[in-house]
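Data block below; observations after.
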Amino acid sequence: MEEYTYSPLKPGKFRLLHILPVRNGNEEVIECSLSLHGFNATPRTPYIALSYTWGDTSGGRDILIDGKRMYARPNLYACLRSLRHHDLSQYVWIDAICINQRDEDGEEKSAQIKLMDQIYSQAESVAVCLRADS
């Protein structure tokens, strides 16, 4: 399966991860999509801003974003599973996914870090996940 690749972000925009409900009773597969959003959008999409510890790099799982795979560290995978509903979708902002961590020149990452105060303050709520078993 092909690995997920990011589309460029325009200034002042940010990505939200749309976590889809459990499909066909398979709780192991986390299916999502990424969409672009702005702070002045009307209506505003309610979302949870997630703060978590990155933890170990090994032992994680792939998640599906727009039908393509992305590796999620164990803590992130556990947090996503805890946020996912069986019958409702959920929008979430997570730095490890919503910011392109492979941004070679660091331009996107730098711009997104400057927006983090707005991202957290405009979230419907903020969730904290300290480790995979919390």
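First check a/c for the chain, with a ≥ b ≥ c the square roots of the eigenvalues of its C-alpha gyration tensor; if it is under 1.5, answer rounded, and if not, answer prolate when a/b is larger than b/c or oblate otherwise.
Because its axes are fairly even, with a/c under 1.5, the chain counts as rounded.
Skipping prolines and chain starts, which residues have an amide H placed within reach, meaning under 5 Å, of the one on residue 13, given they are 5 or more residues away or on another chain?
Residues meeting the amide H criterion: none.
How far apart, in nm, are two points set 7 Å out from the Cα along the Cα-to-Cβ line at residue 54 and at residue 3?
1.6
Given that compact globular proteins tend to follow 2.2 N^0.38 Å, what is the ratio of the alpha-carbon Rg of region 30-88 to that value?
That ratio works out to 1.29.
With +1 on each Lys and Arg Cβ and -1 on each Asp and Glu Cβ, how big is the dipole of the chain about its Cα centre, in debye rounded to the nearest 20?
240
Antiparallel versus total DSSP beta bridges in the chain: what percent is that, nearest 5?
Here the antiparallel bridges make up roughly 60 percent for the chain.
Choose one of 85, 113, 129: the residue whose Cα lies farthest towards the positive end of the charge dipole of region 67-134 (beta-carbon charges +1 Lys, Arg; -1 Asp, Glu; about the Cα centre).
Positive-most Cα among the choices belongs to 85.
Output the 0 to 90 degree angle, nearest 10, between the alpha-carbon long axis of helix 107-121 and the longest principal axis computed from the alpha carbons of the chain.
So the inclination is approximately 80 degrees.
Take the alpha carbon atoms of region 39-112, find their center, do the same for region 1-38, and report the distance between the two centers in whole angstrom.
Cα centroid of region 39-112 versus Cα centroid of region 1-38: 8 Å apart.
Calculated from DSSP H runs of 4 or more alone, at -39500 (n - 2.57) each and per residue, what is the 222 nm mean residue ellipticity of the chain, nearest 500?
Helix-only estimate at 222 nm: -6500 deg cm²/dmol.
Under 4.7 Å Cβ to Cβ, no partner at all: give me those cysteines from the chain, in residue order.
Lacking a cysteine Cβ partner under 4.7 Å: 32, 98.
If I model a spin label as a point 7 Å beyond the Cα along the Cα-Cβ vector, how far apart are those points for residue 101 and residue 39 in nm?
2.6
Throughout, read-outs are computed from the coordinates displayed, never taken from laboratory work. The structure presented is a predicted model; accordingly, all values stated were derived computationally and were not measured. No Cβ is skipped: glycine too gets one built from the backbone with ideal geometry, and neighbour counts run over all protein chains shown.
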